[in-house]
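See below for the structure under consideration.
The values are calculated or read from the model by the stated rules, or taken from the named source; none is laboratory data. Predicted, not measured: the structure shown is a model, and the values here were computed from it. As a convention, Cβ positions derive from the backbone with ideal geometry for all residues, glycine included, and neighbour counts pool all protein chains shown.
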Amino acid sequence: MYEHLFSPLDLGFTTIKNRMLMGSMHTGLEEEKGGLHRLAAYFAERAKGGVGLMVTGGVAPNRQGWLMPFSAKMTSSSEARRHQLVTNAVHEHDSKICMQILHAGRYAAHPFLVAPSAIQAPISPFKPWKMSGRLIRATISDFAACAAYAREAGYDGIEIMGSEGYLINQFVAPRTNHRTDEWGGDLAGRLRFPTEIMKAVRAKVGHDFIVIFRVSMLDLVENGSTWEEVVTLAKAIEAAGATMINTGIGWHEARVPTIATLVPRGAYTWVTQRLMGEVNIPLITSNRINTPEKAEEIIASGMANMVSMARPFLADPYFPEKARTGKSHLINTCIGCNQACLDHVFARKEPSCLVNPRACRETILPLAEKSTAAHKKIAVVGAGPAGLSAATELAARGHEVYLYDSAAEIGGQFNIAKRIPGKEEFYETLRYYKNLITETGVHLHLNTRVSAQDLIGAQFKEVILATGVVPRNLTVEGIDHPKVVSYIDAILGHKPIGKKVAIIGAGGIGFDTAIKLTAPEAHTEVAAYLSEWGVDINYQNRGGLMKPVHENTPRQVWILQRTKGKMGNKLGKTTGWAHRIALKSRGVKMLDDVAYHKIDDSGLHVTIHGEPQILDVDQVVICAGQEPLRELLEPLLAAGISVQMIGGAKEAGELDAKRAIEEGILVQ
């Protein structure tokens, strides 16, 4: 099974045991006091899990290349020696690891940033200094020195970050390189910087050291590279001594989603396939590949020589070993949500993973093991994300666990989320928990509305309440009018929805409802997705962009919120913008500063920015938040039973699966 995925990749001087690369992710652990010990445990667990090759988060070759002040850098032997903690830990488990060298260029968040031209990035607060010829040559030397220090640290190789809009990419693209000297102008001038870096690095580290060059194969920004320029760069990098070429998709300032849940699986692998045969060194493909089946398909069909999966190894460090040993049904699949990984990084918080809160906290939250301590008989009420997490965690520790839910299937609010176009990956999480329930021996009771007396009579001494939430009622005249439906009925299709819909509430559920009600039928097909977002699959335009093609949406939708200001302000930083763009392209009207007066046959009566209006709509969908469901709490406490509340039962707010799953594994 997965014979192509697990076939070794011979690089001549060394062999990678399978075709899986754990792609670069910035964790920030190396920048914390004592963080390298945690980083070593983080990589060691994934090495133990069977991945062939890993790439670290970006490490700067000098201070100007910092992403932010005091970010990770490697400019001395003393810094290299500290990293031996990491490399030794990885090598103990027969895996290999490369250090990524990243110079932020104009993306840096400090005032000493530099770039080929003094053009400020839309995502940086600072304007960069234009690099002099002398500084350019010094930076090339710094890349080479950094690579040598990486070898001294025990790394098996390096990855040169030449994509995603960072410094090297800034030299390549006309968008950011307006120079007229030898480092700009025509294509040869713009490619000189990456080529000279590759030559200098290879000369410094020798020929028995892995050097991956990450090429931006699809910029997705105006005035980016053409396909012909990408091919020319790839050939130049190969000639300069690269071992492999990795695929970079999209700049950070691009307005096209590349890794979010709404991106179909493997949506950008066609770009790597296009380069196959143009060069003779192995090519690595990337972006939204999260199952062994998809990875095997890509390798078997010759679309790439290796598959890069980054966040899937946050979700499950044992992904390869489970696939290799016939246990792929127990892989905890990455759902591409970004909520605990990228959103945390951009907020300067410690990253982790929504479906695996242990990620990046391996030394703090070790895997559950059966304890020799007294085992308990424990009831978990509610089989939503919090209850599933708690029940399987407790059972893994050796307790006798009974899980109850009144519904006919596990999942709770995930059964709503999975029906949102672009969130189908939630099916994977429920598949994982369904199999984990069997694996850990949880006693599952569905279609069972358990009462306090039932639990008391069954002599449970401890109960975990994960009973979730119920929609909050809105106090407005006409709330019982036939036009009014809950978001649950709208999403699950329990009631017919007309052509004109007002959605009250602009939180995550409001946006999800709008996406559901306006989605074209073919939204999950790769071609339809790329067309909707203006990605030129024929690559006839610079940057791979074209005019988006929008299919007719089935409804006219208004999203309304009481407060003034930006709509969807609480959505994820790295995904919220994509939802706003998608809805805008579908003609959804987003209205803030709205007061609700009444609902009647003529529609929804409101005041918008002080002006009375009547929205002539067929339905009014209420997405006004949730309230915790705690009806079992008081009688259980009165009976002297120990009760813990987790998830929505503990705190409703915006539905937060990240918090729910984490609280589940923290139960005592």
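Results for (1) assigned to a helix (DSSP H, G or I); (2) crowded, with 22+ Cβ neighbours inside 10 Å; (3) not small (Gly, Ala, Ser), shown as yes or no for each residue.
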| position | (1), (2), (3) |
| --- | --- |
| 494 | no, no, yes |
| 509 | yes, yes, yes |
| 512 | yes, yes, yes |
| 531 | yes, no, no |
### Summary
Of the listed residues (44, 40, 72), the one being buried (at least 20 other Cβ atoms within 10 Å of the Cβ) and either touching a Leu at 6+ places or on another chain (Cβ under 8 Å) or among the aromatic types (Phe, Trp, Tyr) (or both) is 40
#### Entry: Single residue of 325, 333, 291 found to be touching an Asp or Glu at 6+ places or on another chain (Cβ under 6 Å), of a type in the set (Ser, Thr, Tyr) and either assigned by TED's automatic domain parsing to the domain that holds residue 245 or more than 21 Å from residue 666 (Cβ to Cβ) (or both)
333
### Message
For the stretch 452-485, give me the residue count where each residue is in contact (Cβ under 8 Å) with a residue 40 or more places away in the chain and surrounded by 13 or more Cβ atoms within 10 Å (Cβ to Cβ).
### Response
23
#### Entry: Any helices (runs of 4 or more DSSP H) falling wholly within the stretch 298-409 and containing at least 2 residues that are under 23 Å from residue 645 (Cα atoms) and not small (Gly, Ala, Ser)
385-396
### Message
Just to be sure I understand the filter: pairs with C-beta atoms under 8 Å, separated by 6 or more residues or on different chains, first member in the stretch 8-32 and buried (at least 21 other Cβ atoms within 10 Å of the Cβ), second member of a type in the set (Asp, Glu) and at pLDDT 95 or above. Which pairs pass?
### Response
24/159
### Task
Sort out which residues of the stretch 55-69 are outside any strand (DSSP E or B) and either surrounded by 17 or more Cβ atoms within 10 Å (Cβ to Cβ) or within 23 Å of the chain's Cα centre (by Cα) (or both), and write them in order of number.
61, 62, 64, 65, 66, 67, 68
### the stretch 34-50 residues that are assigned by TED's automatic domain parsing to the domain that holds residue 292, paired with ones that are among the acidic types (Asp, Glu) (beta carbon under 6 Å, 6 or more apart)
36/30; 39/30; 41/362; 42/362; 45/362; 49/321; 50/321
### Query
What is the number of the single condition among (1) in contact with a Gly (Cβ under 9 Å, 6 or more places away or on another chain); (2) of a type in the set (Val, Ile, Thr); (3) under 17 Å from residue 22 (Cβ atoms) that residue 410 does not meet?
(3)
### Message
Go through (1) assigned to a loop (DSSP other than H, G, I, E, B); (2) within 21 Å of residue 422 (Cβ to Cβ); (3) modelled with pLDDT under 95 for residue 475 and report which single condition fails.
### Response
(2)
### Query
Only one of (1) under 18 Å from the mean Cα position of the chain (by Cα); (2) crowded, with 17+ Cβ neighbours inside 10 Å is not met by residue 330, so which one is it?
(1)
### Task
Take the stretch 437-456 and flag every residue that is closer than 16 Å to residue 400 by Cβ and outside any loop (DSSP other than H, G, I, E, B).
437, 438, 439, 440, 443, 444, 445, 455
### Task
Given the conditions (1) of a type in the set (Ser, Thr, Tyr); (2) in a loop (DSSP other than H, G, I, E, B); (3) farther than 25 Å from residue 621 by Cα, report the number of the one that residue 467 does not fulfil.
(3)
